[in-house]
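The values are calculated or read from the model by the stated rules, or taken from the named source; none is laboratory data. As the structure is a computational prediction, the values presented were derived from the model and not from experiment. Here the Cβ positions follow ideal geometry from the backbone for every residue, glycine too, while neighbour counts run over all protein chains shown.
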Amino acid sequence: MARLHANLSKSFRTLFILLVVSLLLGAGLFKLYRVHAAQLNARSVMLSNSAVDATNVSYEFNFDVATAGTVGSVKFEFCSNSPLIGEPCTPPWGFDSLNATLSSQSGMTGFSINPSPNVNEIEITRVPSAATPGAASFTFGNIQNPADLGSAYVRVLTYASNNATGPETDSGGLAFAMSEDVTIVAEVPPYLTFCSGVSIAGFDCSTASGDFIDFGILSPTTANAGQSQMMIATNAGSGYSVRASGPTMTSGINVLPTMSSGLSQPGTGQFGMNLRANVLPSVGQDTQGPGGGQPGVGYNVPNRFSFNDGDVIAGNALPEDFRKYTLSYIVNVAPDQPPGVYATTLTYICLANF
Amino acid sequence: MVGTAPIAWAQQSSSANYQVNEVFFGTGGELNACSTNYCSKQSAGELGVGNSTSANYSSQAGFNTDRNPSLTFIVTGTSTDLGNLSTTATSRTTGTFSVKTYLAGGYVVQTASDPPTSTGAGTHTLTNLASPTAQTPGTEQFGINLVANTTPVSFGANPVQVPSGSFSFGAVSAGYNTPNSFKYVKGDTVAYSNSSSGETDYTVSYIFNISNLTPSGAYYFNHVLVATSTF
Amino acid sequence: MKTKNRILRRGLYAVFGLVLTVAAVLPGLGSKAAAYGQITSRSIMISNSATSATSVEYTIGFTETASGIVKSIVVDFCDASPLYGDACTVPGTFSASGASLTGQTGTSGWTLSGATAGHFVISGASFNSAAAMTFTVAGITNPSATGSYYARIYTYAAQSNNYSNVTTPGTVLDFGGIALSTANVISITAKVQETLTFCVSGAAPTSGCGGTSTPAVTLGHGTPAVLTSSQVDDNGTTTPTYTQLTTNAASGAIVRMKNSNTCGGLSKDGGSTCDIAPKGSVGAISAGTAAFGLYVAGGSGGTGTVTANANYNDGTSTHYAMRTANVTSTYGDPIESSSGPVSDVNSQLTFAAGAASTTPAGVYTANMTLIATGTF
């Protein structure tokens, strides 16, 4: 049996045609995605000190302004939990920016600190004006670091208003870290190197040899001379001094008179020494070595000799780097000097002042 | 009695890959009989009724079959904010769509979007899983599947045939049909039918994982699905 | 009664008559010949199903079965019907006026013309029948409403066809209607927060700055350890120091070092004077020279690369540096850096010092502060 489908009008036919309907089943209005402020690109925060609890720390912020438009304020919000804009912010324990100062600004300028009641927030403000997209930099001083090791965060937001209210124009999060310092310790021990002998090769105390000088037959017509050497090195911060200790040349009750910066005079009873190269008589050498020590007063002039028990014969007020001294001795006797074996034992004492 | 010379309808069947959309077998009938103001579909002498299908073919036969090819593709438009992604846990969500096609040789549903991408300078795209892979927190991953998942948590669903599998034949493509394994390759076919099909409801399961190296930012994934029928 | 029966009988007769009339007339009613075949295996794949999407690609595919030679095709887009000859309204804000032919398979040399809001023509050299063709048309704007819309494809034997309008398509070789659909978009957003994890340790840190210890460096040799002029001592094996850096900063991070002593070296008077002076530029410290310096090994382990600054690593592990002006500046001297994100990368810092024979005896110290800065 035939069955008629009368399509009386175009509209009816349209209704008759299978219609496909897309149903919007999502709750509420359909949104493609949330609107976000533009991101501040190439953003960083550089600290002058990463130690926990450090005070007077500088924080330098650098970022690229993304959006051309009016900027009247910028907010820096420090959080211990998250850099994400819009998330709850927990101030970092111990952090304090209440007394922060704006020590420099560039790229986007004309700002001053807008005092904030929040210990973890810095707000800068200016008369709202156009911001050109590009690099900007702000340095804040006098900040106290968080008290905890580890990561912390900053949220940077720009606003068209001059008091950080209303929707942000651009924003971005940052992370930084508190870390431990590395403590370096090194100990330099005190030392004193001192040796003496008839001779010392180079600056090596292990070569020091000889402890006896024989002047031979004393003559009233010729000066008798001899020499020995001593070497010193020390890191004593205040240097050192060397003293000579002992009597003059003696034979029983007979003594040879000591000298006091005198010239050698054969035929006159004399005993003396110096630490120089001499001509009259020819004996001794000047001081050698990279150090700076010098013979003491009375012992530092060629051809003039002295001796006094306990005198400082050499020294340096600073640490000494290997100094070798040559000690020159002279003995003169008078024609009527009583015969005998004249001798003395001299002890040299080096005292380092640390 | 009035008689007019009938004018033959042009054939609508083809050879080789035979496709029949609207013909009548009977003692009389018109697919589109029209006068000046009216048109009608007419049939007389019904030889067969109902829908019949084989693996790759289907037909609608009977008293009054619709002659309009159609594709019904409904995506539940949603906007989901997963919040803060973590290196220690996988973020998951689902979306749904349904497909129905009539007088067609089938349909394919393809995914046409790039993987989630961040905005701003230095934009980054989350690493898509090129082959079915289990979710691993701490490793940057983005993937989907269209089946019910059980491990480590239950989420997602298998396709639902509406009203039943006797009328609807949609299926999930290989690569996206393994529970607890996820894949995403832009342009892939994720669902299909090889014949006209009633409604099949699909659930897309999404997984997001990040590593320590994943750059910061807001990541957006606007999932565009494209349904194409072959008629 | 009679009347009733008569009426009834008359009614029945009328029905039967009507049926007979219809049965006789019906074959002749409205029998128009539409002499076109059907385009088979036809489809249009769109690159984007979002409403109002622009620059969308439409790939028209079909298999032509006409026995004739096809030289042009016309495509119409309609909001309500794919059927031949039905009225056609361009769907919403759909527009093909900017369409261009960007690809073709199964043939070549075809061009697109006559593009209007809901219509365009593709024509060229003929192709044989029974061939699968695709034409990719770009620059199309989708409708603004979600839901179905339709396309009608006509093929012609003439390159310059006689299509007039949608209800007068001309001499059509074959025809096929196609259903398309826009759809909503599933939107998902997620955030990845900025991260920077940096630690300094006396032991090589494990993942995530685990297993760290307070770094405390002692320079010297012997027991107790002392610095002398006989050799240069470092902390490499005795009291090592490590940094570990993890960050997702897109442009990486820089680690800078500051010396608490304003003189830049090791001091025994709180930093006013440094009898163990900073080394200066990178190089060897000779035994018997009072100098203090650092060697940075560069990153190891983890993922990503941390590179030692060349001022603190010239390729020789026994060369050290301590740049006075830089390590005493406000933010310190860069000693290592990464150019992108890194994870759990360790770097060993080796401090070294030597004493001269004249280096005053005493305990020398310095506090080295290490600061990591990420650029996101």
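Annotation note: of C:GLY170, C:GLY176, the sole residue that is assigned to a loop (DSSP other than H, G, I, E, B) and either under 30 Å from C:VAL121 (Cβ atoms) or β-branched (Val, Ile, Thr) (or both) is C:GLY170. Residues that are under 35 Å from the mean Cα position of the chain (by Cα) and of a type in the set (Ser, Thr, Tyr) within segment C:237-267 comprise C:THR243, C:THR246, C:THR247, C:SER251, listed in sequence order.
Summed over segment A:152-190, the residues that are under 35 Å from the mean Cα position of the chain (by Cα) and not in a strand (DSSP E or B) give a count of 5.
The set of residues in segment C:115-164 that are without any contact (Cβ under 8 Å) to a residue 24 or more places away in the chain and either part of a strand (DSSP E or B) or surrounded by 15 or more Cβ atoms within 10 Å (Cβ to Cβ) (or both) comprises C:ALA115, C:THR116.
The sole residue among A:MET231, A:MET178 that is farther than 28 Å from A:ALA54 by Cβ and within 14 Å of chain C (Cβ to nearest Cβ) is A:MET231.
Just one residue in the set A:ILE184, A:ILE213 is of a type outside the set (S, T, N, Q) and within 30 Å of C:ALA372 (Cβ to Cβ); that residue is A:ILE184. Within segment B:211-222, can you find the residues that are in a loop (DSSP other than H, G, I, E, B) and hydrophobic (A, V, I, L, M, F, W, C)? The one that is in a loop (DSSP other than H, G, I, E, B) and hydrophobic (A, V, I, L, M, F, W, C): B:LEU213.
Residues in segment B:110-142 that are in contact with a Lys or Arg (Cβ under 9 Å, 6 or more places away or on another chain) and within 12 Å of B:PRO179 (Cα to Cα): 3 in all. Just give me the residues in segment A:279-292 being crowded, with 22+ Cβ neighbours inside 10 Å and either among the acidic types (Asp, Glu) or at pLDDT 95 or above (or both), in sequence order. Hits for segment A:279-292 are A:VAL283, A:GLY284. Of all the residues in segment A:235-245, those that are in contact with a strand residue (DSSP E or B) (Cβ under 6 Å, 6 or more places away or on another chain) and either polar (S, T, N, Q) or surrounded by fewer than 16 Cβ atoms within 10 Å (Cβ to Cβ) (or both) number 2. When B:ILE207 is tested against the conditions (1) farther than 23 Å from C:ALA179 by Cβ; (2) surrounded by 23 or more Cβ atoms within 10 Å (Cβ to Cβ); (3) facing chain C (nearest Cβ under 7 Å), the lone failure is (3).
Taking C:SER286, is it under 16 Å from C:ALA355 (Cα atoms), among the hydroxyl-bearing types (Ser, Thr, Tyr), touching a Phe, Trp or Tyr at 6+ places or on another chain (Cβ under 8 Å) and more than 8 Å from every other protein chain (Cβ to nearest Cβ)? No. Do we have B:ALA191 as surrounded by fewer than 18 Cβ atoms within 10 Å (Cβ to Cβ) and either more than 20 Å from the chain's Cα centre (by Cα) or at pLDDT 95 or above (or both) here? No; evaluated as a whole, the condition is false for this residue.
Going through (1) crowded, with 24+ Cβ neighbours inside 10 Å; (2) away from chain C (no Cβ under 11 Å) one by one, B:LEU225 falls short only on (2). Can C:THR330 be described as surrounded by fewer than 20 Cβ atoms within 10 Å (Cβ to Cβ), within 26 Å of C:ALA203 (Cβ to Cβ) and either at pLDDT below 95 or hydroxyl-bearing (Ser, Thr, Tyr) (or both)? No, not satisfied. Summed over segment C:159-185, residues that are of a type in the set (Gly, Ala, Ser) and touching a strand residue (DSSP E or B) at 6+ places or on another chain (Cβ under 6 Å) total 5. Taken over segment C:350-376, residues that are within 7 Å of another protein chain (Cβ to nearest Cβ) and farther than 18 Å from C:THR273 by Cα amount to 9. Yes or no: A:ALA147 within 30 Å of C:SER213 (Cβ to Cβ), more than 14 Å from chain C (Cβ to nearest Cβ) and either outside any strand (DSSP E or B) or at pLDDT 95 or above (or both)? For A:ALA147, the condition - within 30 Å of C:SER213 (Cβ to Cβ), more than 14 Å from chain C (Cβ to nearest Cβ) and either outside any strand (DSSP E or B) or at pLDDT 95 or above (or both) - is met. Of the residues A:LEU327, A:LEU318, the single one that is among the aliphatic types (A, V, I, L, M) and assigned to a loop (DSSP other than H, G, I, E, B) is A:LEU318.
Could you tell me whether B:THR101 is part of a strand (DSSP E or B), of a type in the set (Val, Ile, Thr) and over 22 Å from C:THR189 (Cα atoms)? Criteria met by B:THR101. Which of the residues belonging to segment C:206-254 are in contact (Cβ under 8 Å) with a residue 12 or more places away in the chain, β-branched (Val, Ile, Thr) and either in contact with a helix residue (DSSP H, G or I) (Cβ under 7 Å, 6 or more places away or on another chain) or assigned to a loop (DSSP other than H, G, I, E, B) (or both)? Hits for segment C:206-254 are C:THR212, C:THR214, C:THR228, C:THR238, C:THR239. B:ASN158 meets the conditions (1) part of a loop (DSSP other than H, G, I, E, B); (2) within 14 Å of chain C (Cβ to nearest Cβ); (3) surrounded by fewer than 23 Cβ atoms within 10 Å (Cβ to Cβ); (4) not charged (D, E, K, R) in every case but one. The failed one is (2).
Sub-7 Å Cβ pairs linking a first residue in segment A:194-206 that is touching a residue at least 60 places away in the same chain (Cβ under 8 Å) and closer than 18 Å to A:THR234 by Cβ to a second residue that is part of a strand (DSSP E or B) and of a type in the set (Phe, Trp, Tyr), at least 6 apart or interchain, are A:SER196/A:TYR348; A:PHE203/A:PHE322, ordered by first then second residue. Checking each residue in segment B:98-119 for being farther than 17 Å from B:GLY187 by Cβ and buried (at least 19 other Cβ atoms within 10 Å of the Cβ) picks out B:SER98, B:VAL99, B:LYS100, B:THR101, B:TYR102, B:LEU103, B:ALA104, B:GLY105, B:GLY106, B:SER118. Where residues in segment B:79-93 are among the aliphatic types (A, V, I, L, M) and part of a loop (DSSP other than H, G, I, E, B), which of them is nearest to C:GLN193 (Cα to Cα)? The extreme case among them is B:LEU85.
Set side by side, the residues C:ALA277, C:ALA297, C:ALA291 differ, and just one is surrounded by fewer than 20 Cβ atoms within 10 Å (Cβ to Cβ) and either more than 9 Å from every other protein chain (Cβ to nearest Cβ) or in contact with a helix residue (DSSP H, G or I) (Cβ under 6 Å, 6 or more places away or on another chain) (or both), which is C:ALA297.
Looking at (1) farther than 16 Å from C:THR189 by Cα; (2) not in a loop (DSSP other than H, G, I, E, B), which one does B:PHE208 not meet, given that it meets all the others? For B:PHE208, the failing item is (1).
Filter segment C:182-205 for residues that are within 7 Å of another protein chain (Cβ to nearest Cβ), part of a loop (DSSP other than H, G, I, E, B) and not hydroxyl-bearing (Ser, Thr, Tyr) and give the result. Residues satisfying the conditions are C:ASN184, C:VAL185, C:GLN193, C:GLU194.
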